[in-house]
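The values are calculated or read from the model by the stated rules, or taken from the named source; none is laboratory data. Computed from a predicted model, the values in this text were never measured in an experiment. A quick note on method: Cβ atoms are made from the backbone with ideal geometry, for glycine too, and the neighbour counts reach across all protein chains shown.
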Amino acid sequence: MDYNEWGTEYLNEANRIKERLTPLRRQARQAGNQEAAGLYRRIALLNDMYLDCLHTGRYLVGIGAKR
């Protein structure tokens, strides 16, 4: 597997995570206090995962472009 392919997989995963965040944010806004708190913790965790995948994917694609 080359860096471009590997990076693209990371970027695709970042997009899947981002798509999952949108309905969770909507659900958290409509939830009660305790449920919303749990949802916001989940959103924060997924957002961290999204950013990790996004930055790693961009980095790997960048390495692949230099080769």
Check your understanding: Of the residues that make up the stretch 26-47, is at least one of a type in the set (D, E, K, R), modelled with pLDDT of 95 or more and within 10 Å of the chain's Cα centre (by Cα)?
Key -> no
Revision key, fill the gap. Result of the Cβ filter at 8 Å on the stretch 39-67, keeping first residues that are over 13 Å from Ala14 (Cα atoms) and assigned to a helix (DSSP H, G or I) and partners that are of a type in the set (Ser, Thr, Tyr) and at pLDDT below 95, at least 6 apart or interchain, is Leu60/Tyr3; Val61/Tyr3; Ile63/Tyr3; Gly64/Tyr3
Review point. Among the numbered criteria (1) surrounded by 14 or more Cβ atoms within 10 Å (Cβ to Cβ); (2) at pLDDT 95 or above; (3) in contact with a helix residue (DSSP H, G or I) (Cβ under 8 Å, 6 or more places away or on another chain), which single criterion is violated by Tyr3?
Key: (2)
